[in-house]
Amino acid sequence: MTNDLLNLLQEKTQLQAKVIENIINLLNEGCTIPFIARYRKDLTNNASDESLRAFEEVYSYSQKLLARKEEIISILKEKNFLNDKVLSQLSEATTLQAVEDIYTPFKDKKSSRTSKAIENGLEPLANIIQSLKYTKEEVSQKAKQFLNKEVTSTEDAITGAKDIIAQRYADDFKSKEIIRKLISNWGTIEIKEGKEFQKDGLYSSFIEKEEKIKYIKSHRTLAILRAVNEKQLSIKVNIDEKHILDNIKKYKIPSWANTSKEIVFDAYKDGLKRLLLPSLKREALTTLKEKASSEAIELFGKNLKELLQTAPLVNQVILGVDPGYKTGCKLAVIDEDGLYLDSNVIYPTKPKEDFVSSSKVVCALIEKYNITAIAIGNGTASRETADFIANLIKEKNLDVNYAIVSEIGASVYSASKIAQKEYPNLDVTIRGAISIAARLRDPMAALVKIDPKSLGIGQYQHDVNQKELALKLENTTIDLVNKVGVDLNSASYKLLSFVSGITEKLAQNIVEHREKIGKFTSKEELLGVKGIGAKAYEQAVGFLRIKDGKSILDNTAIHPEDYEVTKNLQKNYNIEDIKEAQIQTIANELGSSLLKLEDIIEELKKPGFDIRENFNQVRFASDVTSIEDLKEGFVLSGIVRNITDFGAFVDVGLKNDALLHISQISNKRISHPSEVLSINQNLEKVKVLSVDLEKQRVSLSLKN
């Protein structure tokens, strides 16, 4: 690693040089972020996976920045344009944008007017005018020296020279940065009707408004830009040009300048209006979109993390119910390990409303498999199905709990290659019911099989940078899966593929090996799986769990490289009696580090511990069956399904989720809904604010 890169990383991350070197060495050795965060804390100063991800981004950007600087220096050197001033400017630049601004004046590509003036030999005249030493009359006299076949008058010569000066002003990186900041801080976006604007459409509230760029919320930016693409809205960036021109007069043209300053000012004005402002206005819109995209992606990642860390329902046999009307409610039973047991179809909803037969089928399944929990999808006919199940539990006095589960994405999973591979002989509809049951048993294990973009937890997801979104969602999933840990004997190949060091191919090999041997009894057996070498084993093994293995250590996050230390600790100390003040002394005695020993002790106290919270059952108001039954002021219970910048969408048992606007979330002012709410959070008392039967929309409030 070069000194330039190290200095840049120190400046951007505030990390110590040694820590930076350690992280980069670990990454170069093929270590994953989850592995580094968990098992190399001593080398990273206990950096979290989030901060390591951030470092990885900065590291990648810094490498690109330095590479681009070297490329530009090489080009300028070749063209004899490189001097100490430019070299100093490039050295001080900390962004790719700044580097490109510095390089712009040296690019061959100019406006056609500038290129023509240069070809006509007018650069020396431009230098004369820009020196500001001459009167207008003297400039006219000197312009006569530059007349030729292409330039036939002094007016043409001066005009051509002004084009060159205009280009120089537009290319000046300091002027560019000043105006860029002015647009960012003081610029506005004017919104008007587009060619295909619909008066009563989705964007009718946007028109005839002028909004400050600095304060436009990301969701609003994405909505406006989508409307522009649909030609429903048109937008224009505005900035106070008079203020800029006044500043040019004040700061760009010295007071001692001669009367040719009028020519120079005209050239600067032209450079501003014709060249610089149009490009910077386009850039401002691009930057605005990138910022909005980045914020939306961050929110999507946060929502996904909260969804995936929803608490599992352990050691229970679950009945999954995919509600429906004409086609009936599809049922599927899975056992404690998520294995499929049985399926059926019942018709307790309209048009059949066959309660008797439906009750018999459900009761028979409960009795046969000792079912203790029921998961009901929240889609079409969910409310009626939930009422049927609730009444059945009450009438038969069944020792069963039920929960309403989001079924969004279940149909995507049902028809996927993963589902076909897992359940090749089952109907698509039954796979959907299995997915609903699996979401209650272990949301993370079930949801990693579905493209996160199909889970309904983002905003304007099709309008953001798709590559960055995919990377964010993948990294979020990887980090959480490894933080939670994966059961080696029950995990699907898809879940295993998110484990540190395990590719999708290796995950499939693990499942095939497991089918051959029955089950793994020790982590060491992983080395017998085709394709798993020492490195893959090192990276993966700590994140895998074996519940009933040969050693209790195999059901913990303790890495096999630390088994010897762990066994010596168990041999010489009673884990429960160790005091915090003793740990450093014990670590020294065992040849371990403080951070590592703290983790080992924590794991030994709670083998098999799952960081996710306990299961929380959702209960809906029993008197609500449809939107028509709702009235303003009703108090309901619900569950948060999605969080956006402008509010949250809450499942209260209706076909469509109700909107809890940010202004109705708290009595105190909040800047974002995520300050108060999280995905899958239960809301015991949420008040109906308004009901729009025509648009089938319900607004809620949490305010007292």
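The values are calculated or read from the model by the stated rules, or taken from the named source; none is laboratory data. All values reported here derive from a predicted model rather than from experimental measurement. Positions of Cβ are backbone-derived with ideal geometry, glycine not excepted, and every protein chain shown enters the neighbour counts. Just so you know, the surface numbers come from the protein's heavy atoms only, side chains and all, with ligands and any DNA or RNA stripped out. Shrake-Rupley method; radii C 1.70, N 1.55, O 1.52, S 1.80 Å.
Only one of 97, 89 is in contact with a helix residue (DSSP H, G or I) (Cβ under 6 Å, 6 or more places away or on another chain), open to solvent by 30 Å² or more (accessible area, probe 1.4 Å), assigned to a helix (DSSP H, G or I) and of a type in the set (S, T, N, Q). Can you tell me which? I'd like the intermediate steps shown before the answer.
Numbers: 97 fails: in contact with a helix residue (DSSP H, G or I) (Cβ under 6 Å, 6 or more places away or on another chain).
Going through 97, 89 in turn, just one is in contact with a helix residue (DSSP H, G or I) (Cβ under 6 Å, 6 or more places away or on another chain), open to solvent by 30 Å² or more (accessible area, probe 1.4 Å), assigned to a helix (DSSP H, G or I) and of a type in the set (S, T, N, Q): 89.
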- Query: Checking residue 30 against (1) over 25 Å from residue 561 (Cβ atoms); (2) touching a residue at least 12 places away in the same chain (Cβ under 8 Å); (3) exposed (fewer than 13 other Cβ atoms within 10 Å of the Cβ), which single condition isn't satisfied?
  - Reply: (1)
- Leading residue by the ranking (modelled with the highest pLDDT) among those in segment 637-650 that are open to solvent by less than 10 Å² (accessible area, probe 1.4 Å) and within 14 Å of residue 697 (Cβ to Cβ): 647
- Would you please list the contacts, defined by Cβ atoms under 6 Å and residues six or more apart or on different chains, that run from a residue in segment 478-494 that is farther than 18 Å from residue 310 by Cβ to a residue that is assigned to a helix (DSSP H, G or I) and not polar (S, T, N, Q)? 493/507; 493/511
- Note on the structure: Contact list, first residue from segment 101-129 and farther than 22 Å from residue 283 by Cα, second anywhere and open to solvent by 30 Å² or more (accessible area, probe 1.4 Å) and in a loop (DSSP other than H, G, I, E, B), beta-carbon distance below 6 Å, six or more apart or interchain, is 120/150
- Item | Matching option when the condition is touching a residue at least 40 places away in the same chain (Cβ under 8 Å) and under 30 Å from the mean Cα position of the chain (by Cα), among 332, 284 | 284
- Task: Please verify whether segment 228-239 includes one or more residues that are under 29 Å from the mean Cα position of the chain (by Cα), under 23 Å from residue 101 (Cα atoms) and open to solvent by 30 Å² or more (accessible area, probe 1.4 Å).
- Result: no
- Message: Tell me yes or no: at least one residue of segment 135-158 is part of a loop (DSSP other than H, G, I, E, B), in contact with a helix residue (DSSP H, G or I) (Cβ under 7 Å, 6 or more places away or on another chain) and either on the phi < 0 side of the Ramachandran plot or not β-branched (Val, Ile, Thr) (or both).
- Response: yes
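Restricting segment 343-360 to residues that are part of a strand (DSSP E or B) and open to solvent by 40 Å² or more (accessible area, probe 1.4 Å), which is farthest from residue 319 (Cα to Cα)? Can you show your working first?
Residues of segment 343-360 part of a strand (DSSP E or B): 343-346.
From the residues that got through so far, the ones that are open to solvent by 40 Å² or more (accessible area, probe 1.4 Å) too are 344-345.
Numbers: 344: 11, 345: 12 Å.
Going through the qualifying residues, I end up with 345.
Among the residues that make up segment 652-668, is at least one of them without any contact (Cβ under 8 Å) to a residue 24 or more places away in the chain and in a strand (DSSP E or B)? Outline the logic, then answer.
So in segment 652-668, the residues without any contact (Cβ under 8 Å) to a residue 24 or more places away in the chain come out as 657, 662-663, 668.
This time we only want the ones that are in a strand (DSSP E or B), so: none.
No, because not a single residue in segment 652-668 is without any contact (Cβ under 8 Å) to a residue 24 or more places away in the chain and in a strand (DSSP E or B).
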- What is the one condition in (1) modelled with pLDDT of 90 or more; (2) under 27 Å from residue 306 (Cα atoms); (3) under 37 Å from the mean Cα position of the chain (by Cα) that residue 423 does not satisfy? (2)
- Within segment 262-320, work out how many residues are in contact with a Ser or Thr (Cβ under 7 Å, 6 or more places away or on another chain), among the hydrophobic types (A, V, I, L, M, F, W, C) and not in a helix (DSSP H, G or I). 1
- Task: Check segment 399-411 and report whether any residue there is over 24 Å from residue 497 (Cα atoms) and open to solvent by 80 Å² or more (accessible area, probe 1.4 Å).
- Result: yes
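Enumerate the helices (runs of 4 or more DSSP H) found wholly within segment 1-77, keeping only those where 2 or more residues are modelled with pLDDT under 95 and within 23 Å of the chain's Cα centre (by Cα). Talk me through it step by step, then tell me what you get.
Working: elements: 3-13, 17-28, 33-39, 41-44.
By residue number, 3-13.
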- Task: May I ask you to list the residues in segment 1-23 that are out of contact with any helix residue (DSSP H, G or I) (no Cβ under 7 Å at 6 or more places or on another chain) and open to solvent by less than 30 Å² (accessible area, probe 1.4 Å)?
- Result: none
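Of the residues in segment 364-381, how many are over 24 Å from residue 653 (Cβ atoms), out of contact with any Asp or Glu (no Cβ under 9 Å at 6 or more places or on another chain) and surrounded by 14 or more Cβ atoms within 10 Å (Cβ to Cβ)?
The first filter runs over segment 364-381 and keeps only residues over 24 Å from residue 653 (Cβ atoms), leaving 364, 367-370.
With out of contact with any Asp or Glu (no Cβ under 9 Å at 6 or more places or on another chain) added as a condition, the list becomes 364, 367, 370.
Within this subset, residues satisfying the condition of being surrounded by 14 or more Cβ atoms within 10 Å (Cβ to Cβ) are none.
Of the residues in segment 364-381, 0 are over 24 Å from residue 653 (Cβ atoms), out of contact with any Asp or Glu (no Cβ under 9 Å at 6 or more places or on another chain) and surrounded by 14 or more Cβ atoms within 10 Å (Cβ to Cβ).
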- Note on the structure: Scanning segment 285-335 for residues that are polar (S, T, N, Q) and farther than 30 Å from residue 220 by Cβ, the one surrounded by the most Cβ atoms within 10 Å (Cβ to Cβ) turns out to be 316
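Between 515, 474, 468, which is in contact (Cβ under 8 Å) with a residue 24 or more places away in the chain, open to solvent by 50 Å² or more (accessible area, probe 1.4 Å) and part of a helix (DSSP H, G or I)? Can you show your working first?
Working: 515 fails: in contact (Cβ under 8 Å) with a residue 24 or more places away in the chain; 474 fails: in contact (Cβ under 8 Å) with a residue 24 or more places away in the chain.
So the residue among 515, 474, 468 that is in contact (Cβ under 8 Å) with a residue 24 or more places away in the chain, open to solvent by 50 Å² or more (accessible area, probe 1.4 Å) and part of a helix (DSSP H, G or I) is 468.
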- Give me the pairs, please: first residue somewhere in segment 212-231 and closer than 13 Å to residue 190 by Cα, second residue anywhere and open to solvent by less than 60 Å² (accessible area, probe 1.4 Å) and part of a helix (DSSP H, G or I), beta-carbon distance under 6 Å, and either six or more positions apart or on two chains. 221/288; 221/292
